[in-house]
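The values are calculated or read from the model by the stated rules, or taken from the named source; none is laboratory data. Predicted, not measured: the structure shown is a model, and the values here were computed from it. Because the Cβ atoms are built from the backbone with ideal geometry, glycine has one as well, and the counts that use them run over all protein chains shown.
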């Protein structure tokens, strides 16, 4: 599918989307540099054909130095800080950490991108941060930043900040508003209601976003009526039924 190979910096390479995305990118012939906070995951990344980078995204200077040194063509931001299976006993604190990651972590990553003159940034966002509205919400619908539910508003404001940071710079910015993840690494085997998305199909959307000239926001979810995915299908050529099917 990919004819022009790239050097790609994948932040969050060992996550639920990061792992299948590593496989897809390496299979396409790209040189992938994948980040992890945990040294114990280095061998796992090497086994995927990825050059491992141990980095704390909150260490802005170190992050900038690493990205400038690698000089990637593309940066893919798949960083999250959420518990396995969205463990309800841990979610209150996790939402705060995840909001910080989307705002401050993204700010540090974007600064590194600018310093390294990166061509494109692709970022993981969410399709369930929209304000209430008629089902099949498209990308123009407002986010739920004024929700009376403080946790929902916190997440939506962090998403809005992250997206704005990526879309307001001179590099090509792509925002993938993913639905509710299921599949390997998520703790969910079956699609949940309200716009589900399998991790393999989510990874494929990021892979397809690499194409030069593609920019903007895309809903990426299965068609259960929650969000409208016409844009991703028509512009990215994306299909929710995609699975790795044996790609090592």
Of the residues 175, 121, which single one is modelled with pLDDT of 95 or more, closer than 19 Å to residue 230 by Cβ and within 15 Å of the chain's Cα centre (by Cα)?
175
Which listed residue is in contact with a helix residue (DSSP H, G or I) (Cβ under 9 Å, 6 or more places away or on another chain) and under 21 Å from residue 241 (Cα atoms), from 175, 166
175
Exactly one condition in (1) surrounded by 19 or more Cβ atoms within 10 Å (Cβ to Cβ); (2) farther than 20 Å from residue 91 by Cβ is not met by residue 231; state its number.
(1)
Residues of the range 124-154 that turn out to be over 18 Å from the mean Cα position of the chain (by Cα) and under 24 Å from residue 222 (Cβ atoms), as a count
13
Residue identified as surrounded by fewer than 18 Cβ atoms within 10 Å (Cβ to Cβ), closer than 23 Å to residue 197 by Cα and touching a residue at least 24 places away in the same chain (Cβ under 8 Å) among 79, 86
86
Is at least one residue of the range 63-75 within 20 Å of residue 178 (Cα to Cα), touching a strand residue (DSSP E or B) at 6+ places or on another chain (Cβ under 6 Å) and crowded, with 16+ Cβ neighbours inside 10 Å?
yes
Where in the range 1-86 are there strands (runs of 3 or more DSSP E), lying wholly inside it, with at least 3 residues that are farther than 23 Å from residue 174 by Cα?
51-54
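Conditions (1) part of a helix (DSSP H, G or I); (2) buried (at least 16 other Cβ atoms within 10 Å of the Cβ); (3) touching a residue at least 60 places away in the same chain (Cβ under 8 Å), marked per residue:
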position	(1), (2), (3)
155	yes, yes, yes
164	yes, no, no
201	yes, yes, no
213	no, no, no
241	no, no, no
Could you list, in sequence order, all residues of the range 115-148 that are surrounded by fewer than 16 Cβ atoms within 10 Å (Cβ to Cβ) and either touching a helix residue (DSSP H, G or I) at 6+ places or on another chain (Cβ under 6 Å) or outside any loop (DSSP other than H, G, I, E, B) (or both)?
115
